[in-house]
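Scroll down for the structure; my scribbles are underneath it.
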Amino acid sequence: MGSEAPLPKWASTPCIMGIDEAGRGPVLGPMVYGCLYCARSYQKTLATLNFADSKTLKEEKREELFENLKADESIGWSVDVIDPRELSAKMLRKNKVNLNEISHDSAIGLINRVLNMGVLLTEVYLDTVGDVDKYRIKLSERFPSIKIVVAKKADSLYPVVSGASIVAKVTRDRALREWVLEETSENMNRSFGSGYPGDPETKAWLAHHKHSVFGFPALVRFSWGTCTSYYKDMVEVLWESDKVDEDVGYGSSGKQLKLSNVGFGRVSKRKSEEIESSGKGRCKFFQSRKLEQVTHF
């Protein structure tokens with residue numbers, strides 16, 4: 001996504017780039033990293049375009065500024081939209097990737113993307129994620145030919161980062177507005193509020209849209225602590241021991257370890273077979289579709 005059309009002439013002159021994110025804190029929707037780049041000689045003009053930290057602007061003004069920068073042939077931009085399922089998967093997998101690392105990787109990916117397009121980047125400005133000096137050193141080692149500037153509140157200090165903030169925020173807002181709920185459960189709605197954990201409307205939406213077996217819709221970052229309180233209402237899921245996987249994720253008895261943080265339990269194989277054969281404790285979803293365990297195909 002972004003202005004990845006034929007490379008303009010100014011891109012072969014020394015260029016600056018700003019990077020910022022939108023949607024780091026919400027429990028719903030994607031996290032978006034956006035970048036804006038232009039010729040270094042365009043900096044003074046950039047400062048007159050009234051870009052500001054997107055959080056300080058009303059939605060209408062952000063949309064207006066985004067359309068203006070898209071039409072400006074002296075500006076380039078790009079985004080990285082990180083799906084909520086990807087965020088949760090990375091944060092919950094065995095070798096966990098925390099949110100700071102995901103953010104760093106996204107920023108690095110945007111720099112690489114613009115460099116690979118042939119843009120002569122000489123300076124990159126970013127809002128800090130984690131320790132300022134460590135982040136700057138990490139990026140400087142990765143891109144030794146580029147001047148890296150990492151600062152707190154960079155979106156308020158540097159117009160090129162303010163522009164990137166608008167790119168990221170508008171992209172995320174549009175992604176939420178246009179999000180298609182893949183799930184087909186009855187009584188689903190889009191009244192999810194701001195998506196932030198403290199929003200009463202968001203909390204009410206989560207409570208209404210949780211499923212006792214399948215958890216939450218794909219819009220939800222289920223790795224967020226906000227979701228933990230809902231797990232106690234979910235049914236116990238029984239996992240059969242698989243001899244092939246006994247050495248991976250199983251205890252010495254061959255039974256899968258308890259995943260208490262997402263409501264999964266551990267029982268003996270005999271007990272699980274008894275429950276399965278009797279049909280007790282099974283979700284209506286499986287009962288209504290007459291789904292049963294099979295041992296042979």
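In table form, for the structure just shown:
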| read-out | value |
| --- | --- |
| Every residue from the range 152-187 that is charged (D, E, K, R) and within 16 Å of Thr128 (Cα to Cα) | Lys152, Lys153, Asp155 |
| Residue in the range 127-134 that is closer than 22 Å to Lys44 by Cα and crowded, with 24+ Cβ neighbours inside 10 Å present | yes |
| Within the range 150-167, tally of residues that are at negative phi and open to solvent by 10 Å² or more (accessible area, probe 1.4 Å) | 7 |
| Scan of the range 42-72 for residues that are basic (Lys, Arg) and touching a residue at least 24 places away in the same chain (Cβ under 8 Å), ordered by number | Lys55, Arg62, Lys70 |
| Condition check for Val170: β-branched (Val, Ile, Thr) and surrounded by 23 or more Cβ atoms within 10 Å (Cβ to Cβ) | yes |
| From Ala71, Ala39, Ala89, residue being under 19 Å from the mean Cα position of the chain (by Cα) and of a type in the set (Gly, Ala, Ser) | Ala89 |
| Subset tally (residues that are without any contact (Cβ under 8 Å) to a residue 24 or more places away in the chain and either of a type outside the set (A, V, I, L, M, F, W, C) or in a helix (DSSP H, G or I) (or both)) for the range 158-189 | 7 |
| Residue within the range 197-208 that is open to solvent by less than 20 Å² (accessible area, probe 1.4 Å), of a type in the set (Ser, Thr, Tyr) and in a helix (DSSP H, G or I) present | yes |
| Unmet requirement for Gly25, which otherwise passes all of (1) open to solvent by less than 60 Å² (accessible area, probe 1.4 Å); (2) at pLDDT 95 or above | (2) |
| Given (1) in contact with a strand residue (DSSP E or B) (Cβ under 7 Å, 6 or more places away or on another chain); (2) part of a helix (DSSP H, G or I), index of the condition Leu126 fails | (2) |
| Where Gly18 falls short, out of the listed (1) of a type outside the set (Val, Ile, Thr); (2) touching a Ser or Thr at 6+ places or on another chain (Cβ under 9 Å); (3) part of a helix (DSSP H, G or I) | (3) |
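Here's the yes/no breakdown for (1) assigned to a strand (DSSP E or B); (2) over 21 Å from Arg174 (Cβ atoms); (3) in contact with a Leu (Cβ under 8 Å, 6 or more places away or on another chain):
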site: Glu60; (1), (2), (3): no, no, no
site: Glu64; (1), (2), (3): no, no, no
site: Glu73; (1), (2), (3): no, yes, no
site: Leu87; (1), (2), (3): no, no, yes
site: Ile111; (1), (2), (3): no, yes, yes
site: Val119; (1), (2), (3): no, yes, yes
site: Gly130; (1), (2), (3): no, yes, no
site: Glu141; (1), (2), (3): no, yes, no
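The values are calculated or read from the model by the stated rules, or taken from the named source; none is laboratory data. Owing to the predicted nature of the structure, the values given are computational and were not obtained by experimental measurement. Here Cβ is always computed from backbone atoms with ideal geometry, including for glycine, and neighbour counts include all displayed protein chains. With ligands, DNA and RNA removed, areas are computed over all heavy atoms of the protein, side chains included. Shrake-Rupley method; radii C 1.70, N 1.55, O 1.52, S 1.80 Å.
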